[in-house]
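Here is the structure we will look at.
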Ligand SMILES: NC(=O)c1ccc[n+]([C@@H]2O[C@H](COP(=O)([O-])OP(=O)(O)OC[C@H]3O[C@@H](n4cnc5c(N)ncnc54)[C@H](O)[C@@H]3O)[C@@H](O)[C@H]2O)c1
Ligand SMILES: [Zn+2]
Ligand SMILES: [Zn+2]
């Protein structure tokens, strides 16, 4: 089968690799109809998180079940399914409690796993014609309709992006009438903003430096802020109009980090500063506010940024400010098992159309060019979808 392979820093290729096949009775093999490229892939592409050359990339597939192991009970050939990024067994104590990103059975020596993801197990990636899915009864989420229909992109966002955006709003406990600031207008930030609006937020600000991405934020009813033109903390505060008597609450009640450790330094956007977003959030969040950190912070960074970077992921953060304000924070990977089905049902009912983030569709062969454009946040690429079929 054809698959997208990591070759070296900023180099991927489409190569022939052995077909994905059943390895355990509880596996299925899925024929992939769409497979998205994610900001997480870029951490590997940029040579930061230690991908091995030859590794098949990708963790965001939708497809049709092709082969079924004899121990699989609920999935059959021909079923249309979305496969969550963070695979899980479905029955260990963490899965049972809804913490599937910390599944205890999918990675020896660690918690949780993902497809095509350095440091997250040995599972081959999904930017390929075929994907082996372990614990298939738990990991195949059934979808209505036909492969390639008009909701393919919406359903594809269930594999990772929409659930992560939603997870960010869960981490930060977004409630009706909240004021929210989302740092990052990539797919995760846009879908966090979208999720906050679905949950009834009163005002949602989205901060980034890429005009096409900010335009998408505006399209969904968020307020875009270009950090190259304004200091985002001042910009949000000057737009907020708290009534007299609430003047101290001119920040936001909720902040979301949808950027991660490769954040740009605002003083010089050609450089990275992994502390930039948390510093801004600590300043901007109101006393008693809440923060959700969904951007990835790598525990092993092969080339840390000169400004504030640290190979083991340690950061100096404004702890005292967060303490004085009584801020609550949540971190981490999305617990797909908890959100995929309810968010799918929002799509089925027509209440959510997360596919609005998709900008590009292309055959697998175009992956090298799309990775390059996406990595430069150029050519209008926000979310690129590969179609292996
Ligand atoms: N928690 C999870 O389960 C999970 C799942 C998927 C992705 N992620 C992570 O979420 C992050 C975003 O993913 P994505 O696909 O949207 O990636 P992306 O690279 O497309 O988006 C990141 C955006 O942040 C912007 N940005 C950079 N510096 C900034 C700053 N200082 N302030 C505001 N914006 C800034 C960039 O211009 C870019 O548009 C990545 O770190 C990714 O690894 C986490
Ligand atoms: Zn992803
Ligand atoms: Zn488990």
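We did not get these values from a lab; they are worked out from the coordinates using the rules stated. Just so it is clear, the structure is predicted and the values come from calculations on it, not from any experiment. Neighbour counts run over all protein chains shown; Cβ positions are idealised from the backbone, glycine included.
Would you kindly compute the Cα radius of gyration of the range 1-57 and its largest Cα-Cα separation (Dmax), both in Å?
In Å, with Rg to one decimal and Dmax whole: 12.9, 37.
Please pull out the direction-averaged projected area of the range 19-172, using the convex hull of its alpha-carbon atoms, in nm² to one decimal place.
Spelled out: convex hull of the Cα atoms, projected over all directions, averaged, 9.4 nm².
Among 87-95, 158-166, how do they line up by average Cβ neighbours within 10 Å per residue, starting with the highest?
Listed from highest to lowest mean packing, they are 158-166, 87-95.
Is it possible to state the helix-based mean residue ellipticity at 222 nm for the chain, with each DSSP H run of 4+ residues giving -39500 (n - 2.57), the sum divided by total residues, to the nearest 500 deg cm²/dmol? What is it?
Rounded to the nearest 500, it is -7000 deg cm²/dmol.
Separation between the residue 270 and residue 315 pseudo-spin-labels, each 7 Å from Cα along Cα→Cβ, expressed in nm?
In this crude spin-label approximation the distance works out to 2.4 nm.
Take 188, 293 and order them by how many other Cβ atoms sit within 10 Å, fewest up front.
293, 188
Rank 245, 313, 189 by mean-square fluctuation in a GNM of the chain with C-alpha springs under 10 angstrom and give only the top-ranked residue.
Looking only at 245, 313, 189, the largest GNM fluctuation is found for 245.
Determine the distance separating the Cα centre of the range 173-192 from the Cα centre of the range 78-108; give it in Å without decimals.
If you average the Cα positions of each part, the centres end up 25 Å apart.
Give me the angle, in degrees from 0 to 90, between the Cα long axis of helix 161-171 and the longest principal axis of the Cα atoms of the chain, rounded to the nearest 10.
50 degrees
Taking Cα centroids, how far is the range 117-133 from the range 1-67 in Å?
Going from one Cα centre to the other spans 5 Å.
Would you mind putting 337-347, 120-130 in packing order, based on average other-beta-carbon counts within 10 Å, highest first?
120-130, 337-347
If you wrap a convex hull around the alpha carbons of the range 141-212, what volume per residue comes out, as a whole number of Å³?
Output value, Cα hull per residue: 106 Å³.
GNM, the chain, Cα, under 10 Å: largest mean-square fluctuation among 198, 322, 291?
198
Considering the Cα trace of the range 209-254, what is its radius of gyration and what is Dmax, both in angstroms?
Cα only, the range 209-254: 12.3, 38 Å (Rg, Dmax).
For the pair residue 212/residue 111, report the inter-label distance in nm, with labels modelled 7 Å from Cα in the Cβ direction.
Placing both labels 7 Å along Cα→Cβ, they lie 3.8 nm apart.
Taking a point 7 angstrom from the Cα of residue 306 along the C-beta vector, which residues in the range 244-278 have backbone N less than 15 Å away?
265-274
Return the ratio Rg/(2.2 N^0.38 Å) for the chain, where Rg is computed over Cα atoms only.
Computed over Cα atoms of the chain, the ratio equals 0.95.
For all pairs of alpha-carbon atoms in the range 213-310, what percent lies in each bin of width 5 Å, listed from the first bin to the last filled one?
Calculated over all Cα pairs of the range 213-310, the distribution is 3, 12, 18, 23, 20, 13, 7, 3, 1, 0 percent.
If every alpha-carbon in the range 162-331 counts as one equal scatterer, what log10 I(q)/I(0) does Debye give at q = 0.09, 0.10, 0.16 1/Å?
Values returned for q = 0.09, 0.10, 0.16 Å⁻¹ are -0.26, -0.33, -0.87.
Scattering from the C-alpha atoms of the range 130-176 alone, worked out with Debye: what is log10 I(q)/I(0) at q = 0.22 1/Å?
Each listed q corresponds, in turn, to -0.93.
Quick check: convex hull of the Cα atoms in the range 280-366, volume per residue, rounded to a whole Å³?
210 Å³
With the contact rule set at Cα under 8 Å and sequence spacing of 6 or more, what percent relative contact order holds for the range 1-83?
34 percent
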